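All remarks here apply to the structure that follows.
Please treat every number below as a calculation from the coordinates, not as lab data. All values derive from a computational prediction rather than experimental measurement. Neighbour counts are summed over all protein chains in view; Cβ atoms, including those assigned to glycine, are modelled from backbone coordinates with ideal geometry.
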Amino acid sequence: MLLQRSILLPLLSPWRGHSTNKALMPRLSATLLGGPRSKSSLPDVKERTLVAVKPDGVQRRLVGQIICRFEQRGFKLVGLKMLQVSEELLSQHYCQLTQKPFYPSLVQYMTSGPVVVMVWEGHNVVQASRVMVGPTNPSAAQAGTVRGDFSLHVSRNVVHASDSLEGAEREIHLWFQGKELLKWDCWDQAITCEE
Ligand code: DAT
Ligand code: MG
């Protein structure tokens, strides 16, 4: 603790005289230094979404790069697991697509190997994740999106992200048990998001 203070206080001192940061400083330094902090001092960030690296993404060892993008953006990982998806779970996940002509090949692809499924939390995370992932068909995806950077065909588009708040809630409950989702305070939460 003493070491933390001696390193961090000089780093933080230029902020002390800055008027716009005066209100933020006590809370920020307390957070960084592990000091006392009331729960209400953090932004009330509750929005969550489900993101999954599909079997082609896992096979191509893209899991780390995809996680990295969500971490860099400032979202908080609250759930993560790797599993072999059953056809039953998949039919619930893609319940709106079961009558589509491509559904059998979608099932074959999605059950061809493990997936890595995650829950990310943060401001506007559902919509932001869709933008980061890019459109369903990678041919239409811009460079800089996950699909635009790592895929070229709609049948192998590397990643899933929930498309709405309601969809996210439904999918999170489908893939995760409540106890698998962790509540934890991210130290930079008060810096990356205004209350
Ligand atoms: P998204 O994954 O962007 O939410 P979706 O929910 O409409 O898209 O479809 C789910 C997945 O089904 C999609 O990621 C890839 C596959 N898919 C969709 N349309 C397809 C098509 N025309 N041909 C083959 N696969 C398709
Ligand atoms: Mg979808």
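Projecting label points 7 angstrom from Cα along Cα→Cβ for Leu174 and Gln142 puts them 2.9 nm apart. Residue by residue, region 71-83 carries 3J(HN,Hα) couplings of 5, 4, 5, x, 7, 10, 7, 10, x, 7, 7, 10, 7 Hz when phi is fed to the Karplus relation 6.51 cos²θ - 1.76 cosθ + 1.60 (θ = phi - 60°); x denotes Gly or Pro. Between Pro135, Leu165, Leu89, the Cα set farthest toward the positive side of the dipole of region 67-189 (charges on each charged residue's Cβ, about the Cα centre) is that of Pro135.
Our coupling estimate for region 175-190, obtained by passing each phi through the Karplus curve with A = 6.51, B = -1.76, C = 1.60 and θ = phi - 60°, is 9, 10, 8, x, 5, 7, 9, 9, 9, 8, 8, 8, 4, 8, 4, 6 Hz, Gly and Pro reported as x.
The alpha-carbon of Lys46 sits under 17 angstrom from the alpha-carbons of these lysines, leaving out residues fewer than 8 places away in its chain: Lys76, Lys179, Lys183. Along region 89-95 the Karplus relation, 6.51 cos²θ - 1.76 cosθ + 1.60 evaluated at θ = phi - 60°, assigns HN-Hα couplings of 4, 5, 5, 6, 4, 9, 4 Hz to successive residues, with x for each Gly and Pro. Taking 0.36 nm per residue of sequence separation and removing the Cα-Cα distance, the Cys95/Ser112 pair yields an extension gain of 4.2 nm.
Ranked by the mean number of other Cβ atoms within 10 Å of their residues, highest first, the peptides 57-63, 188-194, 156-162 come out as 156-162, 57-63, 188-194.
Descending by average beta-carbon neighbour count within 10 Å, the peptides 134-147, 98-111 line up as 134-147, 98-111, the highest first.
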